[in-house]
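Enquirer: This is the structure I want to talk about, given as structure tokens.
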Amino acid sequence: MPQKVRKAVIPAAGLGTRFLPVTSAVPKPLLPVIDRPLIFYAVAEAAAAGIHEIAMVLSPGLEAVADYFSPNGPMEEALKKRGDAERLAMLHKIHSLAEVTVLEQTEPKGLGDAVLMARAFVGDETFAVILPDDLIWSDTPAIAQLAQVAEEHGGSVVAAKRVPSEAIPNLGIIDADPLGEGVHRVQGLVEKPPFEEAPSDLAIVGRYVLTSGVFDRIKHGAAGALGEIQLTDAIAAAIGQEPLHAREFEGDHIDAGTPAGLFAANIYEARRRDDMAEVIAELGLLPD
Ligand code: UTP
């Protein structure tokens, strides 16, 4: 009987080298889309999906990311003194979103290794994984769309999106048969295939609902592409043993894991926000 997804893991221990020089001192998860850091969006998406137990996997030295979710006494006092109820509510919202546990990945050995750090936190439940670099704006939280498929079909679910051919060699690609309504039965997953060998144009996006069996598969899997311990390989190893589905989610996705992507996410978000309307109009960035 498939269980309800109650826990989420947010792997955020990567080096963020593509954001140098800023990431030489500022952790990538704290880079903002206007005034909210990437990590906020990930936690808010989980919370909106009713998932309130969250483990953040951080590398040593990224304590500032954990601090973001801890109460900030001096700031709170100052806002109270000024009677700034609006900003006080913003501050409280950060802390009330979820119960955040911080886990450490001592070396950046890959996404699979980062997820493995959450084994004790997860136990034997089916759990969510949210990559903070992947931003998704949708009516139903993307992770909730995946959880629904897991609850209906059992097993694990990956988020999927159709991508242009030039993007294929940089992404995890899915070999799947359509089941209907944006759901596909997965036959295979390939990490970063050459375009000619790609089984489809369906790419994995950074949202997963995984059974706890993935931990053993990560542990016993060999290091894959680029010498890193790949999550994709461990998920693919379950094919034939338990159901694996891909959910072509509804919503707008931007990979904010590069400077250009983060810039695009800022423009996207600014177009949605009333307080940015003036500057968006001045810059000629209104939607067509
Ligand atoms: P990326 O592939 O974007 O790597 O990780 P990165 O290190 O963050 O960034 P670059 O490539 O150096 O610019 C995808 C996700 O997996 C996490 C990252 O934090 C990001 O959320 N990750 C990656 C870990 O938590 N640990 C790792 O060892 C690697």
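The values are calculated or read from the model by the stated rules, or taken from the named source; none is laboratory data. Quick caveat, the model's predicted, so the values are computed rather than measured. Cβ: placed from backbone, ideal geometry, glycine included. Neighbour counts: every protein chain shown.
Enquirer: Name the pairs whose Cβ atoms lie under 8 Å apart, with the first residue in region 91-120 and without any contact (Cβ under 8 Å) to a residue 40 or more places away in the chain, the second in a helix (DSSP H, G or I) and more than 15 Å from the ligand (Cβ to nearest atom), and 6 or more positions between them or separate chains?
Expert: Here the result reads L91/M75; L91/E76; L91/L79, each pair linking region 91-120 to a residue that is in a helix (DSSP H, G or I) and more than 15 Å from the ligand (Cβ to nearest atom).
Enquirer: Please determine whether any residue of region 90-106 is surrounded by fewer than 21 Cβ atoms within 10 Å (Cβ to Cβ), at negative phi, in a loop (DSSP other than H, G, I, E, B) and within 16 Å of the ligand (Cβ to nearest atom).
Expert: Taking every residue of region 90-106 in turn, at least one turns out to be surrounded by fewer than 21 Cβ atoms within 10 Å (Cβ to Cβ), at negative phi, in a loop (DSSP other than H, G, I, E, B) and within 16 Å of the ligand (Cβ to nearest atom).
Enquirer: A further question follows. Being within 23 Å of G155 (Cα to Cα), touching a helix residue (DSSP H, G or I) at 6+ places or on another chain (Cβ under 9 Å) and buried (at least 16 other Cβ atoms within 10 Å of the Cβ) is the filter here, so list the residues in region 174-199 that pass it. Talk me through it step by step, then tell me what you get.
Expert: So in region 174-199, the residues within 23 Å of G155 (Cα to Cα) come out as 174-191, 199.
Cutting the leftovers down to touching a helix residue (DSSP H, G or I) at 6+ places or on another chain (Cβ under 9 Å) gives us 179, 182-183, 185-186, 188-191.
Correct list: V183, V186, L189, V190, E191.
Enquirer: Quick one: is D139 assigned to a loop (DSSP other than H, G, I, E, B), of a type in the set (D, E, K, R), away from the ligand (no atom under 16 Å from the Cβ) and within 20 Å of F249 (Cβ to Cβ)? Talk me through it step by step, then tell me what you get.
Expert: Numbers: assigned to a loop (DSSP other than H, G, I, E, B): yes; of a type in the set (D, E, K, R): yes; away from the ligand (no atom under 16 Å from the Cβ): yes; within 20 Å of F249 (Cβ to Cβ): yes.
The answer is yes for D139.
Enquirer: Right, next: Could you list, in sequence order, all residues of region 115-127 that are within 19 Å of V157 (Cβ to Cβ) and within 9 Å of the ligand (Cβ to nearest atom)?
Expert: The answer is V115, and nothing else.
Enquirer: OK, next. Answer yes if at least one residue in region 89-98 is modelled with pLDDT of 95 or more and within 18 Å of E63 (Cβ to Cβ), and no otherwise.
Expert: We begin by selecting, within region 89-98, every residue modelled with pLDDT of 95 or more; these are none.
Taking every residue of region 89-98 in turn, none turns out to be modelled with pLDDT of 95 or more and within 18 Å of E63 (Cβ to Cβ).
Enquirer: Something else now. How many residues does region 149-186 contain that are touching a His at 6+ places or on another chain (Cβ under 8 Å) and part of a loop (DSSP other than H, G, I, E, B)?
Expert: Total meeting the criteria: 1.
Enquirer: Which number in (1) part of a helix (DSSP H, G or I); (2) modelled with pLDDT under 95 marks the one condition that F215 misses?
Expert: Condition not satisfied by F215: (2).
Enquirer: If I go through region 1-56 residue by residue, how many of them are within 13 Å of the ligand (Cβ to nearest atom) and surrounded by fewer than 15 Cβ atoms within 10 Å (Cβ to Cβ)?
Expert: Of the residues in that region, 6 qualify.
Enquirer: Right, another one. Please identify the pairs in which a residue from region 245-263 that is on the phi > 0 side of the Ramachandran plot has its Cβ atom under 9 Å from the Cβ atom of a residue that is crowded, with 21+ Cβ neighbours inside 10 Å and outside any strand (DSSP E or B), counting only partners at least 6 apart or on another chain.
Expert: Short answer, once both residue conditions are applied: G251/P141; G251/A142; G251/Q145.
Enquirer: If you don't mind, another one. Can we say H153 is of a type outside the set (A, V, I, L, M, F, W, C), over 20 Å from the mean Cα position of the chain (by Cα) and buried (at least 20 other Cβ atoms within 10 Å of the Cβ)? Let's see the steps before the verdict.
Expert: Working: of a type outside the set (A, V, I, L, M, F, W, C): yes; over 20 Å from the mean Cα position of the chain (by Cα): yes; buried (at least 20 other Cβ atoms within 10 Å of the Cβ): no.
When the stated conditions are applied, H153 does not pass them.
Enquirer: Right, here's the next one. Kindly indicate which of A78, A89, A118 is over 19 Å from P27 (Cα atoms) and within 16 Å of the chain's Cα centre (by Cα). Break it down stepwise before answering.
Expert: Numbers: A78 fails: within 16 Å of the chain's Cα centre (by Cα); A89 fails: within 16 Å of the chain's Cα centre (by Cα).
After applying the criteria, what remains is A118.
Enquirer: Here is a follow-up. Are any residues in region 121-136 surrounded by fewer than 16 Cβ atoms within 10 Å (Cβ to Cβ) and either without any contact (Cβ under 8 Å) to a residue 24 or more places away in the chain or not acidic (D, E) (or both), and if so, which ones?
Expert: Answer for region 121-136, where residues must be surrounded by fewer than 16 Cβ atoms within 10 Å (Cβ to Cβ) and either without any contact (Cβ under 8 Å) to a residue 24 or more places away in the chain or not acidic (D, E) (or both): just G123.
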